[in-house]
Amino acid sequence: MSKPATLNSVVARVTERIAERSRDRRAAYLARLEDAGGKPRRQRLGCANLAHAFAACGANDKAALRGETQPSIGIVTAYNDMLSAHQPYERYPALIRESVRAVGGVAQVAGGVPAMCDGVTQGYEGMELSLFSRDVIALATGVALSHATFDGVLCLGICDKIVPGLMIGALSFGHLPTIFVPGGPMPTGLSNADKAKARQLYAQGKVGREELLDAESKSYHAPGTCTFYGTANTNQMLMEIMGLHLPGASFVNPNTPLREALTDAAAKRVVAMTAPGGGTPIGRIVDERALVNGIVGLLATGGSTNHTLHIPAIAAAAGIALSWEDFSELSTVVPLLARVYPNGSADVNRFQQAGGMPFIIGQLLDAGLVHADIATVWGEGGLEPYRSMPDLDAGGALTWVRSPSDKSGDPTVVATTAAPFAAEGGLRVLSGNLGRGVIKVSAVKPEHRVVEAPARVFDNQEAVQAAFRAGELDRDVIVVVRYQGPGANGMPELHKLTPPLGVLQDKGFKVALVTDGRMSGASGKVPAAIHVTPEVKYGGPLGRVRDGDMLRLDAETGALDALVDAAEWESRGAPPPPSEDSAHGCGREMFSLFRDNVSGAESGASVIRYPGA
């Protein structure tokens, strides 16, 4: 094993700042972990309680759970067969039970959590529940683990809000060893470039619904995660670089011998972790070093902007306070090492073939851009084992092969730190008299990163689409979509704006989007200042913008300003919220408690509160 590289000074400084900022909260969290570790589990439950816990088990499992030595593993699953990414999980509990029995334990499904598909709800009422579903998943995970009978946990989840929700819930039981078990991406279908072209042609009225549906069906065509590098696949990157997956597990296709071998290995590994000294519980794995590694991975791969919400929310669950400044400062030293759609033409299958996460992690380790000494579910060696790719040997046994340290399998898809795609990471923080927001620059060409143009103000994305169809936006324009924050309507993604704004940009106009809402993790080439905070509902300055105001979005300098006379600007108030009632229908009436109590975007847009926060 090579000597670890010296840690980059900026990475070290940001990590130290986070640790100092979080010192009291983290200490209180760890004290709660120690207390929880001493509370009754299965061995100390009352007889009636324990009998309920194993009443439905088979005779052998029942006998094992009556005893005090064989470990009990709880499975928290986000299985449903409407999500392509989660459909493979249908078979996992049976596989896991057999794997756990083989090493002397018992596994039970502790509970299921909801799993909605943003791809289905994009542009419709259900999307207003999407971000809130993360906290619902966290709460459901807490309910699943509240039986206090388990010695270890396997979390089955992949997609957008599901992994962050499972993480937040599991961290409330941070004294338990926990492994995240992925399902992998679907095989490659229609190319992302052809899919995007079909969407733009449909937005222009040049093809009809049947042609568009045909293209979409060829893109999303099989069990597994969607193959673009959106939030779901960014989740998988995050779990791997934070040490919560087995090495190289993220992007192996479903229903293959290698995927089943990795699932078997994860089940057996969590049993080993339950032994005294056998492994580190999740609450201690997720520390400031692991979180900084997660942010570095996000920047190096050009991942989803949604993680500027999710990573702070995950950190808060572990007693750690992150800010967007941490992301921004790290971005100045982390190079862009991946070109995966929407940041390039490749999909995640090509990314995996080119070296995938093992190659990226190896590059970051050798450059001193990540903490090598973190605890992981693998055990010994810190992050070093995560530079190896899983494979099956000639006899079908699972093995790991160290990734080449200096040569990409495809330099158009993954790059070295010596010759990166860009010197800085894929996300930046913007601030100015319009508020604070974030922008994903990894997919935006340099010539589009500075836009100065008149504003056109809207209260929803449907109105933007109508104006586009009417030809009202055929000019240089910065589209402002307000009242889209978490308190206003749950902060839905505004992904349906991507095709029309992309068409305007392709026509040669200077175009940008500014909103207190979100964009999809798959959005890309049009510059978008998103998550603008404070949100308009709570007096955010974005509510002062009027049609025709000159705005400036400068992703190079980080400026986000209205070029309006200061006195005039200060005299303005926000207009009243949209007249239509968006608080009812499609289950939205049940989430008024969330809308009225959610935190701001920079602190994770969460309704969950923690002691000392």
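Since every read-out is calculated from the coordinates, none of them should be taken as a lab result. Bear in mind the structure is a predicted one, so any value in this text is a computation, not a measurement. Cβ sites come from the backbone with ideal geometry, for glycine too, and all protein chains shown count toward neighbours.
Quick notes
- For the range 550-566, 3J(HN,Hα) computed residue by residue from phi via the Karplus equation (6.51, -1.76, 1.60; θ = phi - 60°) reads 7, 10, 10, 10, 10, 6, 6, 9, x, 9, 9, 9, 8, 8, 10, 3, 4 Hz, glycine and proline entered as x.
- Label-reachable residues, the range 243-279, where backbone N falls under 17 Å from a point 7 Å from residue 397's Cα toward its Cβ: 258, 261-262, 264-266, 268-269
- Distant-in-sequence amide H partners of residue 388 (H built 1.01 Å from N, under 5 Å): 403
- Here the spin labels are modelled as points 7 Å beyond Cα on the Cα-Cβ line, and at residue 213 and residue 423 they lie 5.1 nm apart.
- Charge context of residue 254, other residues only, Cβ under 13 angstrom, K/R +1, D/E -1: -1
- Cβ-Cβ FRET estimate between residue 345 and residue 66, R0 fixed at 60 Å, reported to 0.05: 0.55
- Placed amide H near residue 22: partners under 5 Å, 5+ positions off or other chain: 321
- For the range 500-548, the dipole from Cβ point charges (+1 on Lys and Arg, -1 on Asp and Glu) about the Cα centre works out to 80 debye, to the nearest 20.
- Fewest-first ranking of 9, 331, 599, using other Cβ atoms within 10 Å as the exposure measure: 9, 599, 331
- Packing rank of 332-344, 558-570, where each peptide gets the mean count of other beta carbons within 10 Å, highest leading: 332-344, 558-570
- Derived scalar couplings between HN and Hα for the range 318-330 equal 9, x, 10, 9, 10, 10, 5, 4, 4, 4, 5, 5, 4 Hz in order, rounded to whole Hz, by the Karplus curve 6.51 cos²θ - 1.76 cosθ + 1.60 (θ = phi - 60°), x for Gly and Pro.
- Model label points for residue 589 and residue 410, set 7 angstrom from Cα along the Cα-to-Cβ axis, are 5.0 nm apart.
- Projected label distance in nm at residue 5 and residue 94, using a 7 Å step from Cα toward the beta-carbon: 4.6
- Placing unit charges on each Cβ (+1 for Lys and Arg, -1 for Asp and Glu) gives the chain a dipole about its Cα centre, and among 505, 86, 103 the Cα reaching farthest toward its positive end belongs to 103.
- Efficiency of FRET between residue 463 and residue 221 - r from beta-carbon atoms, R0 35 angstrom, step 0.05: 0.60
- Dividing the summed -39500 (n - 2.57) terms of all DSSP H runs of n ≥ 4 by the residue count of the chain sets its mean residue ellipticity at 222 nm at -10500 deg cm²/dmol.
- Value of Rg to Rh for the chain, rounded to two decimals, is 0.97; Kirkwood radius and Rg both from alpha-carbon coordinates.
- For the range 427-603, size of Cβ-based charge dipole, Lys and Arg +1, Asp and Glu -1, in debye: 460
- Centroid-to-centroid separation of the range 336-393 and the range 113-191 [C-alpha atoms, Å]: 23
- Residue-span extension gain [residue 148 to residue 332] - 0.36 nm each, minus C-alpha spacing: 61.8 nm
- Phi angles of the range 360-373 translate, via the Karplus equation with coefficients 6.51, -1.76, 1.60 and θ = phi - 60°, into HN-Hα couplings of 4, 4, x, 4, 5, 4, 5, 8, x, 9, 10, 6, 7, 9 Hz per residue; Gly and Pro are given as x.
- One chain, two ends: residue 284 and residue 475. Fully extended at 0.36 nm per residue, the span grows by 63.5 nm beyond their Cα-Cα distance.
- Positive-end residue, the chain charge dipole about Cα centroid, Cβ charges, pick of 180, 14, 313: 180
- Extreme residue, positive dipole direction of the chain, given options 54, 583, 208 (C-beta unit charges): 54
- Among the trypsin sites (Lys or Arg not before Pro) in the range 472-565, those located in a DSSP loop and surrounded by at most 16 other Cβ atoms within 10 Å of their own Cβ are 475, 507, 546.
- Close amide H partners of residue 111, meaning residues 5 or more places away or on another chain with modelled amide H under 5 Å apart, are 75, 77.
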